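Asks: Next up is a structure, given as structure tokens.
The values are calculated or read from the model by the stated rules, or taken from the named source; none is laboratory data. It should be emphasised that the depicted structure is a prediction, and the values quoted were computed from it without experimental measurement. Positions of Cβ are backbone-derived with ideal geometry, glycine not excepted, and every protein chain shown enters the neighbour counts. Remember, those area values only see protein heavy atoms, side chains included, never the ligands or the DNA or RNA. Shrake-Rupley method; radii C 1.70, N 1.55, O 1.52, S 1.80 Å.
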Amino acid sequence: MRMTRVLVLCCMMVLQSVDVLAQTKGESYLKAHFAACLSRNEVLPVKKDKQLRLSSIEKYRQQVWQAWKQANEASAEEPLLPLGLLSETSVAQWHLPDSLEPHAVMPYRYGVKEKGGVRSGYPFFIYLHGSGPKVQEWSTGLVLAQRFQDGPSAYFIPQIPNEGKYYRWWHKSKQFAWEKLLRLSLARGDVHPDSIYLFGISEGAYGSQRLASFYADYLAAAGPMAGGEPLKNAPAENCANLPFSLRTGDRDMDFYRNLLTLYTRQAFDSLQRLHPNLYTHRVELIPGRGHAIDYSPTTPWMKQFARQPYPRYFCWEDFDMDGRHRRGFYNLVVNQRPDEQARTRYEMTIDGNHVRLTVDNIRYEVLEKEPYWEIELKFRKHLTPATSGRFTLYFCEELLDLTKPVTIEVNGKCLFKGKLKPQLRHLVNSCATFYDPRRLYPTAVELAL
């Protein structure tokens with residue numbers, strides 16, 4: 001009997017050793033795979049795959065995220081500054097790729113206003129300054145950040161790399177910086193993944209309004225101030241699930257900021273009537289004020305909101321910004337755009353285990369145009385059902401009951417019906433695509449129109 005127990009224990013130890021060895025090899029493979037994805041800035045095909053039991057999804061999700069973190073830590077790129085106290089000395093810089101903008105260096109401040117009081121990452125504010133002299137504007141950003149009543153919180157305060165006519169926060173070189181910032185801050189765990197806030201003043205307002213629509217799936221709230229973009233540049237439809245604040249003086253008439261803020265309010269009001277509780281917004285024209293307004297109410301308003309990473313409804317107008325499109329939005333990834341010459345709108349609704357997706361190409365009709373600057377102010381959208389295109393829908397336990405069959409309907413046609421099979425490759429691919437700890441999806445369906 002004693003010998004039998006010894007043999008059993010020995011067998012258990014061997015099995016445990018084999019399991020640990022397999023896990024170690026798996027983590028090494030994943031780390032090397034992610035390192036290749038980072039170096040090439042691509043989501044590379046996964047060569048190894050494994051079907052997962054529902055009970056093991058969380059275990060593999062943690063393994064994938066750990067490998068992703070290690071790959072980012074080992075990357076040869078310029079790192080993100082360690083998160084210390086926000087001050088004049090908490091400064092570093094990133095050299096942006098010459099292929100996107102020659103001689104572009106982005107100095108930044110990164111730090112916390114007060115330490116302690118948080119368990120799983122700080123609320124994180126990204127502040128974009130205005131178009132005055134960039135050194136002065138950057139210094140003003142630090143003063144404002146320390147004054148705002150939103151602590152404990154972390155701040156990223158960049159200085160725009162260069163200056164000049166039509167030089168903007170949303171150009172491709174800066175998109176590189178925003179995606180790097182999201183990737184590194186989330187991988188390191190400095191910031192809470194559901195508490196990322198974007199705001200700015202004047203030129204920073206234009207930038208934050210465009211970027212909020214472009215990156216809405218990462219943000220908990222957005223708050224441009226003293227701005228007002230034409231809605232073609234920042235479709236309000238993308239801000240379902242994203243609380244949005246825009247405060248502009250009612251006498252701020254340069255570049256039609258007050259009028260465009262009014263049109264933005266009308267658009268959000270209309271969307272909120274169509275989708276109650278989804279388009280939370282506060283768009284205000286402040287009586288008697290010009291371009292200078294009180295900036296202090298915005299960050300406390302934003303901080304009360306947390307991101308919804310698993311919405312059962314979203315509307316995404318896939319628009320290009322400086323000639324570049326996103327890979328995907330929330331749980332949708334575009335593999336082939338339906339029309340390379342047109343924008344496409346994806347509208348998803350999940351009811352139980354029934355997924356409905358409409359895919360439409362969009363044509364803009366200009367209704368109002370300013371004669372001197374030729375700024376297009378007001379539009380009407382014309383939608384035509386897409387007849388081509390390929391895309392992937394990712395799913396997780398928060399979106400669907402993975403123990404039951406799923407039906408996916410696209411433009412009124414049933415394109416999938418059955419049970420979804422959790423697989424390791426979906427966790428890996430979604431991690432490399434979104435670099436978001438909340439969006440490591442164990443199941444996916446590839447669809448074509």
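Asks: Condition first: closer than 24 Å to GLU237 by Cα and open to solvent by 10 Å² or more (accessible area, probe 1.4 Å). Now tell me which residues in the range 183-214 satisfy that.
Replies: Hits for the range 183-214 are PRO193, ASP194, SER195, LEU198, ILE201, SER202, GLU203, TYR206, ARG210.
Asks: While we're here: Hey, among ARG109, ARG147, which residue is farther than 19 Å from ASP194 by Cα, of a type in the set (Lys, Arg) and buried (at least 20 other Cβ atoms within 10 Å of the Cβ)? Please lay out each step first, then the result.
Replies: Values: ARG147 fails: buried (at least 20 other Cβ atoms within 10 Å of the Cβ).
Just one listed residue meets the conditions, ARG109.
Asks: Which of (1) part of a strand (DSSP E or B); (2) over 16 Å from THR384 (Cα atoms) does ARG326 not meet, given it meets every other one?
Replies: Evaluating ARG326 over (1) part of a strand (DSSP E or B); (2) over 16 Å from THR384 (Cα atoms) leaves (1) as the failure.
Asks: Given the conditions (1) closer than 17 Å to CYS315 by Cβ; (2) open to solvent by 50 Å² or more (accessible area, probe 1.4 Å), report the number of the one that LEU415 does not fulfil.
Replies: Going through the list (1) closer than 17 Å to CYS315 by Cβ; (2) open to solvent by 50 Å² or more (accessible area, probe 1.4 Å), LEU415 breaks only (1).
Asks: Another question, then. So LEU260 clears everything in (1) modelled with pLDDT of 95 or more; (2) within 23 Å of the chain's Cα centre (by Cα) except one condition, right? Which one?
Replies: (2)
Asks: Looking at (1) out of contact with any helix residue (DSSP H, G or I) (no Cβ under 7 Å at 6 or more places or on another chain); (2) open to solvent by less than 10 Å² (accessible area, probe 1.4 Å); (3) part of a loop (DSSP other than H, G, I, E, B); (4) charged (D, E, K, R), find the lone condition where LYS174 falls short.
Replies: Answer for LYS174: the failing condition is (3).
Asks: Separate question: ASP360: open to solvent by 10 Å² or more (accessible area, probe 1.4 Å), within 20 Å of ASN238 (Cβ to Cβ) and in a loop (DSSP other than H, G, I, E, B), yes or no?
Replies: no
Asks: I would also like to ask the following. Under the condition of being small (Gly, Ala, Ser) and surrounded by fewer than 20 Cβ atoms within 10 Å (Cβ to Cβ), which residue from the range 114-144 is nearest to ARG438 (Cα to Cα)?
Replies: Here the residue is SER120.
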